[in-house]
Each structure stands twice: as C-alpha cells, then as structure tokens.
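**Q** Could you have a look at this structure, given as structure tokens, before my questions?
Bear in mind that the values in this text are calculations on the coordinates, not laboratory data. Given the structure is predicted, the values throughout are model-derived calculations rather than measurements. Here the Cβ positions follow ideal geometry from the backbone for every residue, glycine too, while neighbour counts run over all protein chains shown.
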Amino acid sequence: MLDMHTRLLARGLFLIMVASVATACGSPSLTSTPASSESASASPGASAAVSPSGSGPIGSPSASLLPTPDASVDQATYARIETQVEQLRQLSPKSTVTPILLDEQGVRDWMTKATQTGVDHQALAAESRLLIHLGMLPAGSSIEQLELDLNAGQAIGFYDPDSKGLYLLSTSGSVGPEEQLTFSHEFTHALQDQNFGLDKLAIDTPDQGDRDLAHTALPEGDATLSMTQWAEANMSILDLLSVSVSAGSGPQADQLAKAPAILREDLDFPYLDGLTFVEGIYAQGGWAAVDKLYANPPNSTSEILHPDLYAKGFEPVNPTLAAVPATLGPGWTAAIQDTLGELQLRVWLEGEHPTAASKQVADAAAAQWAGDRVGLYEGPNGAWAVVLRTQWRSPAGRAAFVAAANGPPLVRAPGPHYLVCEDALQADIYIGSDDATVSSFAPCQPAT
C-alpha cells in the first residue's frame, strides 16, 4: 500500500511565500506581550511548502545563482540581521549560515530537482486520484505538477534542514528590504534547526498527513512571529510599504487565488494558523514557552486551530480501515491511506469558493473532530472506492458533520454512488465507481 502524504508540500523544507511578506508588512501590532520587554507585531498570512526530507543535499543549479553586486556590503547586512534575530528570538547559533541568492528560474530549478529526486511519484499520482474522487481536484489533475508550479511561483526564500542551505529569491542580485525580511524568517529556521533539530519533528511521516501539517505549523508560526517582530523593530515605514505593495499584488497573488482550495489552504495553514497558535503560547510565557513546544509539538491541526485542546493534552483517535472485501474478487489493491484531519475535512466541506455562510457551517461541522482515516481502493476496469472513517468528540459533532457532508460535498464527488454509515461517535463515508462496489465496502444502508 502506498502512503498519502509524500508530496513536496509535506517535506522538510521551510519556505516563506509572497503572501506572508505582504500581510506581515500591513498588519497592526500585537496586543499580547509577555512579562519580558519584547514586543510583537501582527499576524502575517502566508503560504508554506516543503522539500523532500531524506533526499540529501540538493545544490542550487549553477545557472540560477545570481552575482552579488557588493559582497562585503551584503555580508555586513546579513551579519547585522543575524545578530538582531539572535537577540530577539533568544537563541544562539551553533554554526554559520551563508545565504545563496537565486533568481526565479533558480528557485524553480531547485524545486524541480527536489521533486524529481525526493518524492514518490506513484504515491503522488494515487493521491491525485483520491482527491479527484473526493471532488477536491478537477479530473485529470496532477498534484505533483500543481504543487511544483505553486511552490515555485510563490516562494521567496527557503531553508533546507538536510543540506543546511538557506536560499533567497532576488531578481536583481541585491539584498533589498524584501530579501532582508525574508532572511530574518529563514535565519530563524536555521536557529530552530541548530537548537532543537527540525528533523525531530518528523514532518515526512508516511500516512500521517494531518500530524505532519501540525508539526510544520510550529516552526513556521515561530519564524513568522520572529520575522514580524524583527520587521517592526528594524524596518522603516517606507521599506515596509514597498515590500507590502510588491508582495501583495501581481502574478503571484493571482496564482495563489486561482489554486485549488486544498492546496491553498494547506499552504496558508502553517503561517496563518501556526502563527496564531504560537502567538498564544508566546503571550503566556515568551520565547521560553515557545521553545518548550519543540519537545512536545501538537499532533493534529485541531490542536493548532483550537489551542485549548493542546493545553488539555488532546490525542487524536487513529481509526483502522478494513481490508479489501473478499466479495470484490482478485485484482483489487489498497492504493493509499492517510489522515485528513480537521483542516482538510473543513476544506472538503467548504468546496472551492465558499460563501461566508457555508464557511461557518463547515467550521462548525469539523470543529468536534477526534480522528479519521481515508483510503483509496482500486480494482479492475477502472473500478474504485474511497472510504473515509471519522471519529468525533460528541454525538452532536458527529451529527453536524454528517449533515454537512450529505449536502454539497457528496454532490461534488464524482461517484455519485455513496453511503453514510454512523453511530454515536463515528461516521463513515463510502464513495465509489458504482453501487455494487460501494455496497461491498459499506456495512450499512444509506442514511435517511
């Protein structure tokens, strides 16, 4: 069986995207400050992406390197920012980090090489089919290509824990306000890695996509808070305005707006919701409290979305999916399996262009999530089935999910053959290529 969460998005590279800079520069100051004298600025929105962990150092293609107009000036700038971030973030470096400037083609070349050498292409193709069957991607979509295009078009900097490389996008070869802001974010990742070991977060665990996304939200929220504090303390109003204007519009913003909701929300989550989560911890105990999170990170997007769950020691349920029913005969395989989690279930319920009302319904319907597993099964002659088993923290939460799922989400699924089976705290959804296939998997009759 292939495992789901193997795409480039879910691997160990830590990026900062265009939207992150625009929102960071345009937000008001934070109002919550811990007992120390540190001050924070507001939440930047962002998009996240990551590179294949375990693929080994991936050098930048030589053609993509940019000449530096005045290396001595740039090194002095980097050194100044490093000192400022070290003092602000209250972490000491263990080794030096030398940033490398790439142009737009260089960023795409780096990510293309990472994708070619470090991901399971067969698993990505199976994940594409799963999301298509759930109605979350258009027919014929390739999540590998969609994510490569989106990540390469949005990234303005990234840190690779494998090679310890730090890369900045610069179309001119100079280190201007945007590059400086980006460097403050990525240098925070280097400090995290040197002090806590980002590999210990295990954000590329097979078939644990929701946990991987929650683990990614910790360092990204941390680095985004550090970046906004650095910007507030060290950038002029004119520099902030210039970065905000350049980052908040143009082709990159259009690209992000047109991306499928599942990709857009997965990209945004570690920065937007991760930042809110880290802000709450920081408000209670400063950076020392944030540091402690690395030894016990949140294990679900629910804990990021509802920090009180993390405080209470919430642990997600891990339901088990059944094997291929013997009644289907030979030729069937379990192609892929993973956990969607509260975030992705909410995106599934919302659809592509949700209204405010439909977002409110989806939020409420996913808010009592306790655990889930989703599996794609494939058989001869194009037959297929998707089984989604969900667990809820209360009967009311289960009922709200079933009511929401029985509307547009299942209508959008291309089956359109499906069943919903439920008991007090569990709701299972079965979607398949035909009625006979669905009936073979489902132990119940359609809910009325």
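**Q** Taking the beta-carbon count within 10 Å as an exposure proxy, list 136, 235, 227 from fewest neighbours to most.
**A** The most exposed by this proxy come first: 235, 136, 227.
**Q** Same structure again: Karplus couplings for the range 298-314 from phi (6.51 cos²θ - 1.76 cosθ + 1.60, θ = phi - 60°), rounded to Hz, Gly and Pro as x?
**A** Whole-Hz 3J(HN,Hα) from phi for the range 298-314: x, 9, 7, 5, 4, 5, 6, 6, 10, x, 5, 5, 4, 4, 8, x, 4.
**Q** Hey, how much of the P(r) for the range 215-349 falls beyond 21 Å, as a percent of Cα pairs?
**A** Counting pairs separated by more than 21 Å, the tail of P(r) holds 58 percent.
**Q** When the Karplus curve 6.51 cos²θ - 1.76 cosθ + 1.60 is applied with θ = phi - 60°, which whole-Hz ³J(HN,Hα) does each residue of the range 130-143 get, with x for Gly and Pro?
**A** Karplus values, whole Hz, x for Gly and Pro: 4, 5, 5, 5, 7, x, 9, 9, x, 4, x, 6, 10, 5.
**Q** Taking the radius of gyration and the Kirkwood hydrodynamic radius from Cα positions alone, what is the Rg/Rh ratio for the range 326-441, to two decimal places?
**A** Values: Rg = 14.4 Å, Rh = 14.6 Å.
Here the Rg-to-Rh quotient is 0.99.
**Q** Something else now. Treating cross-link reach as a plain straight distance, find the lysines whose alpha-carbon is under 27 Å from the alpha-carbon of residue 94, omitting any fewer than eight places away in the same chain.
**A** Partners within reach: 164, 200, 292.
**Q** Which of 339, 77 comes first, and how do the rest follow, when ranked by fewest Cβ neighbours within 10 Å?
**A** Arranged by neighbour count, lowest to highest, 339, 77 become 77, 339.
**Q** Next question. Mind checking the dipole of the range 125-196: about its Cα centre, +1 per Lys or Arg Cβ, -1 per Asp or Glu Cβ, Debye to the nearest 20?
**A** Numbers: 2 positive and 10 negative charges, 23 e Å.
Charge dipole, the range 125-196, about its Cα centre: 120 debye, nearest 20.
**Q** Moving on. Can you put 142, 95 in order of Cβ neighbours within 10 angstrom, beginning with the fewest?
**A** If I rank by nearby Cβ atoms, fewest first, I get 95, 142.
**Q** Oh, and also: From the phi angles alone, apply the Karplus equation (6.51, -1.76, 1.60; θ = phi - 60°) to the range 334-351 and give each ³J(HN,Hα) in whole Hz, x where the residue is Gly or Pro.
**A** Once θ is set to phi - 60°, the couplings for the range 334-351 become 8, 7, 6, 8, 6, 10, 6, x, 4, 4, 6, 5, 4, 4, 4, 5, 6, x Hz.
**Q** Another question about this same structure. Give me the dipole magnitude in Debye, nearest 20, for the range 336-448 about the Cα centre, with unit charges on the beta carbon: positive for Lys and Arg, negative for Asp and Glu.
**A** In debye, rounded to 20, the range 336-448 gives about 240.
**Q** List the lysines whose Cα lies under 24 Å from the Cα of residue 359, skipping any in the same chain that are fewer than 8 positions away.
**A** 258
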